[in-house]
Amino acid sequence: IGPELEGLRVHPAAIDDEVLGLFVPRLVEIDRSKPNRLQVLAALLAECFTTHAAATWVMENSPWDLMAIYYIGIDHFSHAFMNFHPPKPDWVNEKEFQLYNDVVNSAYRLMDLFLARLLELAGPDTNVVLLSDHGFHSDHLRPAFIPRVPTGPTTQHRPLGILAMAGQNIRRDERIYGVNLLDVAPTVLSLFGLSAGHDMPGRVLVEAFEQTPALDRIESWDLVPGDDGGHPPGYDAPADDSAHLIEQFVALGYIEAQPEDRNLAAAISRRETKWNLARVHIAAWRFAEALPALEELAVECPDRPDFALSLADCRLRMGLYAEAEAGIAHIGTSTPLVSLIRGRIAFEQHRFRESVEHFTAAEHAAPRLPDVYLGLGLAWLKLRATADSERAFEKALAIDPHNAIALQGLTRVRLRQSRAADAIECALSSIACRHDLPLSHFLLGVALVRTGDAKRAIQAFETSLAFHPPLRASHRLLARLYGKTPEGARHREAARDFLRSRRAAIDRIEGARAEARRRNAGRPVPSAIKPLDFIVVSGLPRSGTSLMMRILEAAGLPIKTDGERKADEDNPDGYYEWEAIRKVGAHPEILLEAEGKVIKAISMLLPAMPAMHRYKVIFMDRPIAEVAASQMRMRHRRGAGAPAVTAEKMAEMLEAHRKETLRALRNTPGFEVLVVDYPRLVVDAETWAPRLGSFLGVDVPAAALLNTIRPDLYRNRNQT
């Protein structure tokens, strides 16, 4: 059905003003001659309509037993436009807010229409599962900037998502608590009367069913013969646009040709896969399994603070306090998350006064970070400063009224104050915000015991045991409440089993600690990383970057170049390249060699620049038709042959790459960009001297441009 689906693709150019106006009612007020967000909106809508068209076509024209559709629209709309959703954050431009403040609401309305059509096509007898693995901050918790790491956009997410189910054997109006994303596959299999594999960590959500389905398991679906939907042996996926662009830039000599299993994209993919696996282990409290991967990541990428902080957190949870401290020493003391980690280390070592000092330092650096006040609240509670503890937890709640951990902390305070009724209220509020926290249920049980409500206390303690990690104290208190009954005996034995399993777990952790110390013996401690400032000349290959390097050199700025790439017919005055910059993605420390000097880095290398530094990017912009023509002539002179795509397709890919690069530069913290129009620079050089000087903060004399620019080298120019 490939050709049929191909015809259903919707191009952004097909999204007209009538459709855009449904999302941006004040569309006519936007100056289309200046950068705006309508192109982003059109691209997102085209993606949504394409997905929906393909899904509904399949449902209407093909037999199916299971239809799984991934609508990524709400996530993408929210990342792009949630900052314009009411109420307006302080950092958002008022005019843009007025233009785009209904985009997210309109996206939800669109998805409701999509869902209605899917339900109509599915019919009343079909089981339906609606799922989102996370939510989105839509209030004052929206971050003002996104960290420049692959997981940076997740700072916009709320941790809890949604699961809704409907069908013949599904309970109506039933709430299900503590659902994990990994529970979805076993539950869907059970809807078909199929067993989950023992290698599938989730559970069947039996509480969702009117009649409990079979819960037996098979060893693994990987061992069952038959078609599993995978590609046949020897299948090679067709190259995408990025692969063609990489081939083009390699052919032109601007980036290195590398074996497929060693290129930058593959290395980044392997790195992020390792990172995601480590995060899964941490979420499942398997810290010993996460530790080796995090240690490798921290060594590979010392510039990634998210790796270093996660490693420190993992070591902290395993009791490797000295190693946790050493692992963050190179980040810098001014980072609030470093102070937060140090506060937690001191807390775990019962140095509560010192932990307060670290948490207070974090508070001064980041007064809107709830975790700071959670740490302060617990530390003050250990110091028996109940009033200070109460104030800290209330500050966390002032920032985030739905913070379940802060409400849990207030429950502890109320118990310490012998205010059992208020403790019950706080515990119930915590549970309402997050039902999967065992300690909140346990504290509720303690408060209920103090009020004499044994029946509800038993229910609270039993619920606490349904979550990971189980609480031995719940077993002990349940044994006391049940007394000399079979249930009491069962819980007394469970408490003893817990101690035995805990000893075994401690032994495993001790082994992991010893192994970690052995791996790290003699490993050099990373040196302190300080943010540096760089001037980068960038642009697509053949857009005038070498000319700009010559201009800045003539203006007296120091240039980082190794002279390895010699002048030739394509660049008679030289390339001004530094070959090592090509390796910046795999070896970000290389950039330190260029401190204080101007670097030339083509557009494809910009995303690999280390995140902690600051960059002034002079982006050379030349008409794409001229760039494409110049690149084709350069390929021919280098004997590289023709690319695998047509000239028109290559020009289209270059234009898309240019737009995406400029969009990313303008929206990435740490980057300032000055776009220099190459044709205007050549014909009107004098006007660019003050603009360059103002942008760089240095004097750029007009003579540096007039004496450097050679109009005779402006070849392949448009004649229209």
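May I have the convex hull volume per residue, in Å³, for the Cα set of segment 572-679?
Taking the convex hull of the Cα positions in segment 572-679, it is 131 Å³ per residue.
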Charge sum, other residues only, whose C-beta stays under 12 Å from Lys616's C-beta, Lys/Arg counted +1 and Asp/Glu -1: -1
Dimensionless Rg/Rh of segment 351-455 - Kirkwood Rh, Rg from C-alpha atoms: 1.00
For segment 443-483, the fraction of alpha-carbon pairs in successive 5 Å shells from zero, as %: 5, 29, 38, 20, 6, 1
Size descriptor, Kirkwood hydrodynamic radius, that averages inverse alpha-carbon separations across segment 266-369, Å: 14.1 Å
Segment 39-114: chymotrypsin sites (Phe, Trp or Tyr not before Pro) falling in loop per DSSP and having at most 13 other Cβ within 10 Å: Trp64, Tyr70, Trp91
With Cα atoms, 0 to 90° folded angle of helix 264-283 axis to the chain main axis: 10 degrees
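If you take the C-alpha gyration tensor of segment 39-147, multiply each eigenvalue by 5 and take the square root, what semi-axes do you get, largest first, in whole Å? Walk me through the intermediate numbers first.
Values: eigenvalues 207, 40, 26 Å².
Semi-axis lengths for segment 39-147 are 32, 14, 11 Å.
Taking the Cα centre of the chain as origin, work out the dipole magnitude from +1 charges on Lys and Arg Cβ and -1 charges on Asp and Glu Cβ, in debye rounded to 20.
Roughly 2980 debye, rounded to the nearest 20.
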Pairs from Lys34/Lys583; Lys583/Lys659; Lys274/Lys395 whose Cα-Cα separation, in the structure shown, is over 29 Å: Lys34/Lys583; Lys274/Lys395
Rounded tilt (10° steps) of 103-122 against the dominant C-alpha axis of the chain: 70 degrees
Packing-based ranking, highest mean first, of 592-600, 477-485 given that Cβ atoms within 10 Å are counted: 592-600, 477-485
With Cα atoms, 0 to 90° folded angle of helix 647-667 axis to the chain main axis: 60 degrees
Kirkwood hydrodynamic radius over Cα pairs of the chain, then Stokes diffusion coefficient at 4 °C and 1.567 mPa s, in µm²/s: 43 µm²/s
Protection proxy ranking of 694-701, 401-408, 278-285 - average other beta-carbon atoms within 10 Å, highest first: 401-408, 278-285, 694-701
Kirkwood-type radius of segment 411-474, with distances r between different C-alpha atoms, in Å: 11.2 Å
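Where does the charge balance sit around Asp102 when Lys and Arg score +1, Asp and Glu -1, over other residues with C-beta under 10 Å from its C-beta?
+2
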Accessible surface, per residue, of segment 529-594 when the full set of protein chains is kept, probe 1.4 Å, Å²: 38 Å²
Segment 165-220 - Rg (one decimal) and Dmax (whole number), Cα, Å: 10.9, 34
Measure of compaction for segment 107-211 (Cα Rg per 2.2 N^0.38 Å): 1.31
Ranked packing of 646-657, 374-385, most packed first, by mean Cβ within 10 Å: 374-385, 646-657
Cβ-defined net charge surrounding Phe136, 15 Å radius [Lys, Arg +1; Asp, Glu -1]: -2
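The values are calculated or read from the model by the stated rules, or taken from the named source; none is laboratory data. In this text the structure is predicted, and so the values were computed from the model without any measurement. Using ideal geometry, Cβ is built from the backbone for each residue, glycine included, and neighbour counts are taken over all protein chains shown. With ligands, DNA and RNA removed, areas are computed over all heavy atoms of the protein, side chains included. Shrake-Rupley method; radii C 1.70, N 1.55, O 1.52, S 1.80 Å.
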